[in-house]
Each structure stands twice: as C-alpha cells, then as structure tokens.
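The values are calculated or read from the model by the stated rules, or taken from the named source; none is laboratory data. On a predicted model such as this, the values are computed, not experimentally measured, just so you know. Here the Cβ is made from the backbone with ideal geometry for all residues, glycine too, and neighbour counts use every protein chain on show. These accessible areas exclude ligands, DNA and RNA; they are computed on the full protein's heavy atoms, side chains included. Shrake-Rupley method; radii C 1.70, N 1.55, O 1.52, S 1.80 Å.
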Amino acid sequence: MKNQTSIFPLTLILIVIPFILNAQIELEFGSGVTPNDMVAKICGEGVLFDNIYYQGTDSSSGLFSNGNASTLGLESGVFLTSGSGNNIPGPNNFTSAGTGFGGPGHPLLDSLFPFLTNDASVLEFDFSPESNIIEIRFVFGSEEYNEYVGSGIFEDVFGIFISGSKPEGDFYDNQNIALVPDSNVYIGTNTINNGWSPDGVVPTGPCTNCEYFIDNTNGLSLQYDGYTSVMTASVQVIPCQIYHLIIGVADGSLGGGDQIFDSGVFIEENSISSPPPIEVISSITPAGTSENFVEGCVEAAISFVLPNSEYTPYTLHWDLSESMANPSQFPPGDFLEKVPDSIFFPEGIDSAAIHIIPMDDGILEGEESLTFIIENTLVCIPEYDTVTFFIDDYIELSDTISPPTIICEGMEVDLSMNVFNGYPPYSYLWEPGGFTTDTIMVGPDSTTTYFVTFTDMCQETGMDSATVIVFPVCDFETFYFEPALNPGLPYSIYGELSNDTVLLALPASTNLSSLIASFTTDMEACILTVNGVIQESGVTVNDFTEPLVYHFWAPGGCFSEWTVITDIEVGENEPTQNNIQIFPNPANDLLTVIMDQPCELSIFNSLGHNVFDKHVGEGKLSIEVSELNAGIYFLQLKNDRGFDVRKLIIRR
C-alpha cells in the first residue's frame, strides 16, 4: 500500500493534450496522464491505494477541471469514455459524435444488461477507506441520447463495482453501486432518459427516471446529447480494510458491434477521501479581547470537534508541551485547573471542550506557550497535529492624572488621566459628579478633590485623585445711590443684583451723568476700578448714562466684572417725555418703536455690550430681534430733548 505515490517507474516523455474551449470544461489526457494520476485524483490526500490497472486507450481517459464553467455540475475529477476525450467539449453541434477503437468490452459491464460491450474504458485499484462509508459523485453522458433510446439494439452503460468485506459480515463481490436512486437499476441510456426523439429534437417522453436526466440538445458547453444530473454511488465499508474498486463505461449493442457513438462518465475529485482533521477552536473569555491567554485574566474554552458524530464514542489523546513549566505538576502549576491529556466524546456528540485558566504568578516571564500534540487515530495510520496557544503576562495597572490645578471661582478646567498596562478597554468613575470618561470638565465653587476609579477588562481596579483649588472672586453684596450723596434723589435707590449685573431704576429727573455710588463687597481688600480709576464707595463720581463696567481684583489675583445699568422709571409701554412707544414688550421676533422726533437708538445687553445702533427719524420703526438671545436688554434713545432708557425683555 502507498499514499498517493506511483508504483510505476516513469521513463517515457510525457505528453499532455489540454482542451480549453471558450472558458468551458478543461481536459487533460494522453500519455502524460497515468492511471496513478487518475486514482490519486479520485482518492483524496491521505487515502492509501495500490494495485492500479487501466483498460482502454490514452485518449479514452484523463482529468477534467473547470467543470463549473459548463453545465456538468462537477468542478474537477476523472473522466472515462468509450470513445475519445476530443468528443466531450461543447458545443453540441453533432448528434452522432464518436470514435471507435475496436477495443474489448468488460464482463462486469456485460453482466448489467442483455447486451455485449466493447471499447470499454475501465479503471480499477485497491484502496483503504478511512471512514465507514464511501460516496462517489458522478455524471454519465452519452451520444446515444436521444435517437437510440429504447431501440432494443444499442445501449451504452456505466458501472462502479466494489469487492471487500461488508460491515455486517459477508463480502461484496464486484457489487455494482452505481444505481438509479432508490432502486437496483444500473445506469445506462435506457434506464435514465426522457424518451426517444429524432436527431436535434428535444425529447418529450415517455419518461424513464427523467428527473435525473438533462437534455443537451443544442447545448453550448458539452458535446454529449444528454447526461444525468449529479448522482451518488454509496456503500458501507469497514475503515482501514482493503477494498477493490472497478469503474467502467462502454458502448453496448445487441450483437456487440457498436463502436460509434461515445458515452462517458465524470467522477468527482476526492470522491474517496480521508476524514477532515480534528478541528480545535478556542473561545476566549472575555470575548473580543486578546487572541492570547493572559495570566489571571483571559482564559478560554478549547473545543475539539470531530468530522462528525459517526466516529463516537471516541477518546482523543494529546501530549502537552509548555515553554516554561510542566503543566502536569499540580500543585504548583501555571494553571488554575489541571490541563488534562485526553477528552472523551460520548456517542452521538461530536464536540467536547476543556477549560484553560492561566494563573497570575506575579512574575514577568514574557510570552509563554502551551502546545497540544494531538494524536488523530480516526485515520488508518495515526496522524499528529500540533496546536499552540500563547500566554501573556498580566502587568499591573498604572496611571497618570492631572496635577493640582488652581482656578478662579466661576471658571472651568479639564481633568484627565491616562491608564497604562492591565488590559484595555478601561472604564472610569469620577466622584463627585459620576463622570465616566477619561477626561472631564469641572467648575467647582470651592476647592474640591475628585477621585477616579479605573477598571480594565480583567476587572482589576486602581484609584487616583486630582484636586482643583478654587480662589474666590470679588462680588457686589450691595449697590445703591444715597440722597445725601446725590442731591435730587428723593430716597436711596438700591440695585437689583443678578448674574454679575446691577439694575437700578431712577426717577425721571435724575442726572445720570454725575452720580456717586455706594456699595459693599463680599470680600475685604477687593480692588475695584472703572476705566482704570480705583473706586471708593460713597466717594467716586461716575457717569451712568450708559452701562458702566466695574473691574474687580480679588486678594488671590482672580479677576471679575460687574455691569451697572441704570433705567429711568417709566412704564414699559407708556409714552415718554419724547412721546416714544415700544411694543410688544416682552418681544419675540419683531420689536416696534414709535417716535415723534428723530433720535439715536441703541440696545445694550445685560453686560453693557452694544448690540444695536441706528439713527432713526420720526414715525414707526420695526427692529428684527430674532437673533438676540433671550434675556434682559436696555433700549436707549437720545435727541435734543434728552435721553430715555427702557428695559426690554426678549423671550424665546
């Protein structure tokens, strides 16, 4: 016995005749294709075969490929024909293509039907199956279709004959396994067809197993007038025993003289094959992380999968090889659970798994490996497959975080951290605040320490902190005008403090251009300036005709601003001394102003910033305010009669 190696010395110059027609089926035949080549094509890698014999001419057998470019239904394999391989490629432009060699028939083919065969093309060999069933897929085609169907004189035939032990006892003695499905009927032009028809005419019946017949009248990819669908010859065998197989096709006639119209059979590549290798699959936990194991973190279930459950019950054995330590020494060892040296597959179950949990030994050893040397005894000669897994060290988490940061009250600052080692992805939890990202923006009112807990994929955690030191800013506590300091005021006017803005409503007769403000601040030693002039409560004179900005410097160096806005006490929608009407107030998108005199019109926001300026004549003016933010604004009008300031509210 041998494994896909020739037993014949090759001393001749090989000749290969390729046929590649219009990207159709490709054929190789001639002296360059040996019987050993054909058997090796039928028997897959790993199948043992020997005792090869071929009956027929060099042009009556060979290899085919690119079958899927045709209507054949098989991609590649071996062909045998009662004529010549030259008569196989399409198109179907002859109804009687054939080559006669005057060769003998074969007694096993003769035994299938009441005719005699000749020009037989027969391939036979011994082989040792590695599974308990043989399934050979094939297609039979012929030029005898359709004009000689049921003639009673001509019929071409095909057979696959097996000899060897039956699994239940007894013996196969050249038993034909190429049969019409669900029957004991041989394969031939009279047993699968759709009835007789003249040359070049599609047959219409009567049907004889025509569900397996494909008419090829005027077909483009094959010459044969008809052929079968892909069929399967199957038989139960005993693995690793020796069987003899005979595959043949021949012309047949009542008197044995038919040597004209060709028939052929196509045998699929690897029809007799060894079982696929035992599959090894690792399922990493946590899923979607490293391809390698990680000590104390990434573990895996290693599944072993048999080709199918027919091989069960079965015990799979392996040897273990580890790069650093011997995993069979427990305790101590490198794994939380002992790694076994075999696994059992119960009957009907084709997969089984073991659990590998690398321990964190706290030693940085670099990448380690664990190798399974698997003994596969499903095949006739045991095979050994090697599967290696790699184990990485777990390196403890470390981090960097923002240093202590100083801000002024009312400011915001970014705090960030970087985590190293461990195993990403990382998660974060900052307190106070409950933030869950690696960078956060905070603006505490007072000095605050933020603690962050970070966790990696392995659920290892670390903690760090960052402190934000808050220096206070100066703010007004009170702001007012006293009558004792400002003659003409009937009483003290106190401002309304809101969002760094002071709003004051003064009597209509007040001279806004020369007022002395009194104020208190929330901190001692605050320095206040207006236009660079230091302010003293109850002393400094300022012009409050337009919004006035106070600049604050706190003892810690923090800067802040307050805007003081004065308003003349008039009704919001009442005519003023300048006969001005403003509506609607509050406004939304459009503000209407009616005046009886030309004036300069300005609008200030609550910070004292001018947002609108226009010289307007008497009459009605519409102002678009849809782009202004919601809030409090001040509308100021000046002309030779004086000026008015009106509070304006914008809503959204």
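The figures follow:
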{"quantity": "Qualifying residue in region 87-95 (condition: assigned to a helix (DSSP H, G or I) and either β-branched (Val, Ile, Thr) or modelled with pLDDT under 90 (or both))", "calculated": "no"}
{"quantity": "Test result for residue 135, of a type in the set (D, E, K, R) and either part of a loop (DSSP other than H, G, I, E, B) or farther than 22 Å from residue 270 by Cβ (or both)", "calculated": "no"}
{"quantity": "Scan of region 378-411 for residues that are closer than 24 Å to residue 239 by Cβ and not β-branched (Val, Ile, Thr), ordered by number", "calculated": "378, 380, 382, 383, 384, 385"}
{"quantity": "Failed item in (1) part of a loop (DSSP other than H, G, I, E, B); (2) over 30 Å from the mean Cα position of the chain (by Cα), with residue 394 passing the rest", "calculated": "(2)"}
{"quantity": "Yes/no for residue 476 being over 30 Å from residue 406 (Cα atoms) and open to solvent by less than 70 Å² (accessible area, probe 1.4 Å)", "calculated": "no"}
{"quantity": "Residue 234, sole failed condition from (1) loosely packed, with under 14 Cβ neighbours inside 10 Å; (2) in a loop (DSSP other than H, G, I, E, B); (3) hydroxyl-bearing (Ser, Thr, Tyr)", "calculated": "(2)"}
{"quantity": "Pick from region 402-430, criterion more than 28 Å from residue 554 (Cβ to Cβ) and of a type in the set (A, V, I, L, M), ranking: surrounded by the fewest Cβ atoms within 10 Å (Cβ to Cβ)", "calculated": "429"}
{"quantity": "Index of the failed condition, residue 253 passing every other in (1) over 42 Å from the mean Cα position of the chain (by Cα); (2) closer than 24 Å to residue 42 by Cα; (3) of a type in the set (Ser, Thr, Tyr)", "calculated": "(2)"}
{"quantity": "Cβ-Cβ under 7 Å pairs, at least 6 apart or on other chains, region 282-294 side open to solvent by 30 Å² or more (accessible area, probe 1.4 Å), far side at pLDDT 80 or above and charged (D, E, K, R)", "calculated": "285/299; 292/392"}
{"quantity": "Subset of region 239-281 [under 18 Å from residue 48 (Cα atoms), modelled with pLDDT under 90 and aliphatic (A, V, I, L, M)]", "calculated": "272"}
{"quantity": "Selection status of residue 485, under 27 Å from residue 561 (Cα atoms), open to solvent by less than 80 Å² (accessible area, probe 1.4 Å) and within 38 Å of the chain's Cα centre (by Cα)", "calculated": "no"}
{"quantity": "Residues within region 452-485 that are part of a loop (DSSP other than H, G, I, E, B), among the charged types (D, E, K, R) and within 30 Å of residue 396 (Cα to Cα), tallied", "calculated": "2"}
{"quantity": "Cβ-Cβ under 8 Å pairs, at least 6 apart or on other chains, region 88-108 side over 12 Å from residue 56 (Cα atoms) and open to solvent by 20 Å² or more (accessible area, probe 1.4 Å), far side at pLDDT below 85 and hydrophobic (A, V, I, L, M, F, W, C)", "calculated": "96/260; 98/260"}
{"quantity": "Qualifying residues in region 366-384 (those that are open to solvent by less than 50 Å² (accessible area, probe 1.4 Å) and assigned to a strand (DSSP E or B)) - the one farthest from residue 49 (Cα to Cα)", "calculated": "368"}
{"quantity": "Where residue 59 falls short, out of the listed (1) over 23 Å from residue 213 (Cβ atoms); (2) of a type in the set (Gly, Ala, Ser); (3) touching a residue at least 60 places away in the same chain (Cβ under 8 Å)", "calculated": "(3)"}
{"quantity": "Sole residue being of a type outside the set (A, V, I, L, M), touching a Leu at 6+ places or on another chain (Cβ under 8 Å), open to solvent by less than 20 Å² (accessible area, probe 1.4 Å) and in contact (Cβ under 8 Å) with a residue 60 or more places away in the chain, chosen from 83, 77, 164", "calculated": "77"}
{"quantity": "Those residues of region 509-539 which are of a type in the set (Val, Ile, Thr) and farther than 17 Å from residue 487 by Cβ, in sequence order", "calculated": "520, 521, 527, 529, 530, 533, 534"}
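Residue-wise test of (1) in a strand (DSSP E or B); (2) out of contact with any Ser or Thr (no Cβ under 7 Å at 6 or more places or on another chain); (3) at pLDDT 95 or above; (4) of a type in the set (Lys, Arg).
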site: 112; (1), (2), (3), (4): no, yes, no, no
site: 117; (1), (2), (3), (4): yes, yes, no, no
site: 146; (1), (2), (3), (4): no, no, no, no
site: 159; (1), (2), (3), (4): yes, yes, yes, no
site: 168; (1), (2), (3), (4): no, yes, no, no
site: 175; (1), (2), (3), (4): yes, yes, yes, no
site: 196; (1), (2), (3), (4): no, yes, no, no
site: 200; (1), (2), (3), (4): no, no, no, no
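Conditions tested, residue by residue: (1) over 29 Å from residue 176 (Cβ atoms); (2) among the basic types (Lys, Arg); (3) surrounded by 22 or more Cβ atoms within 10 Å (Cβ to Cβ).
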{"residue": "196", "(1), (2), (3)": "no, no, no"}
{"residue": "199", "(1), (2), (3)": "yes, no, no"}
{"residue": "215", "(1), (2), (3)": "no, no, no"}
{"residue": "249", "(1), (2), (3)": "no, no, yes"}
{"residue": "269", "(1), (2), (3)": "no, no, no"}
{"residue": "280", "(1), (2), (3)": "yes, no, no"}
